[in-house]
1. Output the number of the condition that I210 fails; it satisfies all remaining conditions of (1) within 14 Å of the chain's Cα centre (by Cα); (2) modelled with pLDDT of 95 or more; (3) β-branched (V, I, T).
2. Can you tell me how many residues in the stretch 17-58 are more than 30 Å from G128 (Cβ to Cβ), out of contact with any helix residue (DSSP H, G or I) (no Cβ under 9 Å at 6 or more places or on another chain) and either modelled with pLDDT under 90 or among the basic types (K, R) (or both)?
3. List, please: which pairs have Cβ atoms under 6 Å, are six or more places apart or on different chains, and start with a residue in the stretch 215-226 that is under 17 Å from V160 (Cα atoms) and end with one that is crowded, with 24+ Cβ neighbours inside 10 Å and not polar (S, T, N, Q)?
4. Quick one: is R108 surrounded by fewer than 17 Cβ atoms within 10 Å (Cβ to Cβ), among the charged types (D, E, K, R), at pLDDT below 90 and farther than 30 Å from I185 by Cβ?
5. Kindly indicate the residue of the stretch 155-168 that is of a type outside the set (A, V, I, L, M, F, W, C) and out of contact with any Gly (no Cβ under 7 Å at 6 or more places or on another chain) and also surrounded by the fewest Cβ atoms within 10 Å (Cβ to Cβ) among those meeting that condition.
6. How many residues are crowded, with 22+ Cβ neighbours inside 10 Å and polar (S, T, N, Q) when one looks only at the stretch 202-222?
7. Would you tally the residues in the stretch 5-14 being surrounded by fewer than 13 Cβ atoms within 10 Å (Cβ to Cβ) and either under 27 Å from the mean Cα position of the chain (by Cα) or at pLDDT below 90 (or both)?
Amino acid sequence: MVKQLPAPDVPVGVGPLVWGRGEEICSPAYWAAQSWMWELDEPEHYRLGSSLEEEVLACLLGGYGIPAEIGLAAYQRLRVELSRNHSSLTDADSVYFVLKQPILLNGRSVHYRFARQKSRYIAAALTGLERIERGQNDRELRDSLMELPGVGPKTASWIVRNWRQSDEVSILDIHIMRAGRILGIFPQEWRVDRHYALLERAYLQFARDIDTRASVLDSVMWMTMRRLGPAMIAALSRSV
């Protein structure tokens, strides 16, 4: 099915936001066009693991200021341990022994931050995961995952989005928040720690309004905003 962008002055949904032009970075038309193209090129690109356990492991190691490259490198190490002996990663000391080892990245040695804390979270989460009902719908599974140590709404949503290719949840990290503020769909006073449900509802509605899959739009926003420099983000924010 061929999709076409509406005229730039056509409203998006019922609010004051208009589509804008496809070449206008961070406009609704831009996000729609990029998402449509991405879905054609990379229809299934979310999963980092081959099991829910691996997906939980990968998402616990990422985010919260951890560079994606370091989180993925740490994940690959622990994934090997998980494949060898699942029970070894339910012991925090065993996880820490692997996680504290230096990581060679782009020719330099780096260490995973907060290795001790993450080791405790990983061990407890993989233990608790055994009690979670796998047949729940996407939002129910997200809510159940939030009962695991170290797993908040953002991490739980990330796990469900990846594992289920879900369009029913939203990963509200700093990049999505910036994009939403530039668009004007996230009021400035809303905060992730206090207004997650409201922010998620606004994001999912925007995805529906521009006829994109929420999961694909999230990936496109994350990659785009991550590449934009501070000066560009500041300029886009001032233009709102």
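The values are calculated or read from the model by the stated rules, or taken from the named source; none is laboratory data. Predicted model, so just to flag it, every value in this text is computed and none were measured. Neighbour counts are summed over all protein chains in view; Cβ atoms, including those assigned to glycine, are modelled from backbone coordinates with ideal geometry.
1. Evaluating I210 over (1) within 14 Å of the chain's Cα centre (by Cα); (2) modelled with pLDDT of 95 or more; (3) β-branched (V, I, T) leaves (1) as the failure.
2. Qualifying residue count for the region: 2.
3. So the pair list comes out as S215/R161; D218/I171.
4. On the way: surrounded by fewer than 17 Cβ atoms within 10 Å (Cβ to Cβ): yes; among the charged types (D, E, K, R): yes; at pLDDT below 90: yes; farther than 30 Å from I185 by Cβ: yes.
Spelling it out, R108 is indeed surrounded by fewer than 17 Cβ atoms within 10 Å (Cβ to Cβ), among the charged types (D, E, K, R), at pLDDT below 90 and farther than 30 Å from I185 by Cβ.
5. Going residue by residue through the stretch 155-168, those that are of a type outside the set (A, V, I, L, M, F, W, C) are 155, 157, 161-162, 164-168.
Within this subset, residues satisfying the condition of being out of contact with any Gly (no Cβ under 7 Å at 6 or more places or on another chain) are 157, 161-162, 164-168.
Values: S157: 27, R161: 25, N162: 22, R164: 19, Q165: 16, S166: 21, D167: 18, E168: 18.
Checking each candidate, the answer is Q165.
6. 2
7. Filtering the stretch 5-14 down to residues surrounded by fewer than 13 Cβ atoms within 10 Å (Cβ to Cβ) leaves 7, 9-10, 14.
From what's left, either under 27 Å from the mean Cα position of the chain (by Cα) or at pLDDT below 90 (or both): 14.
Of the residues in the stretch 5-14, 1 are surrounded by fewer than 13 Cβ atoms within 10 Å (Cβ to Cβ) and either under 27 Å from the mean Cα position of the chain (by Cα) or at pLDDT below 90 (or both).
Residues checked against (1) assigned to a helix (DSSP H, G or I); (2) over 14 Å from L172 (Cα atoms); (3) in contact with a helix residue (DSSP H, G or I) (Cβ under 6 Å, 6 or more places away or on another chain):
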{"residue": "Y196", "(1), (2), (3)": "yes, no, yes"}
{"residue": "R201", "(1), (2), (3)": "yes, no, no"}
{"residue": "F206", "(1), (2), (3)": "yes, no, no"}
{"residue": "D211", "(1), (2), (3)": "no, yes, no"}
{"residue": "D218", "(1), (2), (3)": "yes, no, no"}
{"residue": "T224", "(1), (2), (3)": "yes, yes, no"}
{"residue": "A231", "(1), (2), (3)": "yes, yes, no"}
